Amino acid sequence: MRIFLSGPSGVGKSTIIQAVLARHTDIRLSISYTTRTPRPGEQDGREYFFISRASFEERVSSKSFLEWANVHDHLYGTSLDWVASMESQGYHILFDIDVQGVKQAQAQHSPGAYIMLLPPDLATLERRLKGRGTEDSHSLATRLENARQEMRSWKLYDYLVVNDRLETAIADVESIISAERLRRQAVEGRLSWLSEIG
Ligand code: ADP
Ligand code: 5GP
């Protein structure tokens, strides 16, 4: 099962993802490659694999990415090998990727649930992003500018979740994951005794 989660910077994706991962040990977060520099507290191989632009471009040439995009002036890409390795171990994968990445995944007919996380309003988004205190003024402006553009693509998604009260948004994402599990069961015909009915 693949769960794709997008949303403007500062909307609460990482916060919700950490809560979901803590409760579902059979789901792994896809660790992307990026050319952006680590924020304080981020570790190579945990939040991202932090690499140079040259190394990223080599990986693009060798077709190592399931999808990749330029987001907020940095390159981000999903590793095909990493995803294949986790799926072969039986894990479900949660992807934190932007709209451009979602378009590529959908063009490849990558099955899954596509979720866009939205703020209750733009002022709240700005407050959260500033409150996180991780961006300089240039990066903050870029991220807020890109937020409107990102949210305009809401029609690409199967689900829109508003992150107003955190616990409600986490429960909403978990409901979607539960529904997706049941849908996969129907698609894959997982219940072996059903085939015995003939
Ligand atoms: P993203 O990963 O989408 O960029 P984060 O998860 O880093 O966003 O969240 C941005 C900031 O907003 C963080 O400081 C986080 O603690 C805070 N936050 C997330 N969800 C909520 C919420 N429902 N209410 C208030 N603050 C929130
Ligand atoms: P951040 O720099 O805040 O960690 O992430 C910035 C944006 O990049 C977020 O919108 C996130 O969803 C997106 N992103 C992270 N990894 C990938 C990836 O591998 N592919 C794509 N397309 N977007 C990504």
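Since every read-out is calculated from the coordinates, none of them should be taken as a lab result. Note that the structure is a prediction, hence the values are computed from the model and not measured. When we count neighbours, we look across all protein chains shown, and the Cβ atoms used for this are built from the backbone with ideal geometry, even at glycine.
What is the calculated FRET efficiency for GLN43 to LEU80, with r their C-beta to C-beta distance and R₀ = 35 Å, to the nearest 0.05? Please report the intermediate quantities before stating the final value.
Details: r = 23 Å, r/R0 = 0.64.
The value I calculate is 0.95.
So for the chain: antiparallel DSSP bridges make up what percent, rounded to the nearest 5?
Values: 8 of 27 bridges.
Around 30 percent antiparallel, to the nearest 5.
Loop-resident trypsin sites (Lys or Arg not before Pro) (DSSP state other than H, G, I, E or B) in the stretch 89-198 with no more than 12 further Cβ atoms inside 10 Å of their Cβ: ARG152, ARG165, ARG190.
The ranking of ASP164, ASP172 by Cβ neighbour count inside 10 Å, starting from the fewest, reads ASP164, ASP172.
Would you calculate a helix-derived [θ] at 222 nm for the chain, using -39,500 (n - 2.57) for each DSSP H run of n ≥ 4 and dividing by the full residue count, to the nearest 500?
On the way: 8 runs with 93 residues, N = 198.
Value at 222 nm, helices only, nearest 500: -14500 deg cm²/dmol.
Please give the contour-minus-distance gain from THR124 to ARG23: 0.36 nm per residue of separation, less the Cα-Cα distance, rounded to one decimal in nm. Walk me through the numbers on the way to the answer.
Numbers: separation 101, 0.36 × 101 = 36.36 nm, distance 2.69 nm.
Working it through step by step, the gained length comes to 33.7 nm.
Relative to the Cα centre, the charge distribution of the stretch 100-198, modelled as +1 at Lys and Arg Cβ and -1 at Asp and Glu Cβ, gives a dipole magnitude of about 160 debye.
Between HIS138 and ARG181, what length comes free when the chain is fully extended (0.36 nm per residue of separation minus the Cα-Cα distance, one decimal in nm)? Working shown, then result.
Working: separation 43, 0.36 × 43 = 15.48 nm, distance 4.10 nm.
Stretched out fully, the HIS138 to ARG181 stretch lengthens by 11.4 nm.
Between SER192 and GLU145, what FRET efficiency comes out of the Förster formula 1/(1 + (r/R0)^6) with R0 = 45 Å and r the beta carbon distance, rounded to 0.05? That pair, GLU145 with SER192, gives E of 0.30.
Each residue of the stretch 12-24 is assigned a 3J(HN,Hα), and the resulting list reads x, 4, 4, 4, 5, 4, 4, 5, 5, 5, 5, 9, 10 Hz, derived from the Karplus form 6.51 cos²θ - 1.76 cosθ + 1.60 (θ = phi - 60°), x at Gly and Pro.
Stretched out straight at 0.36 nm per residue, the stretch from GLN106 to GLU58 would grow longer than its current Cα-Cα span by 14.9 nm.
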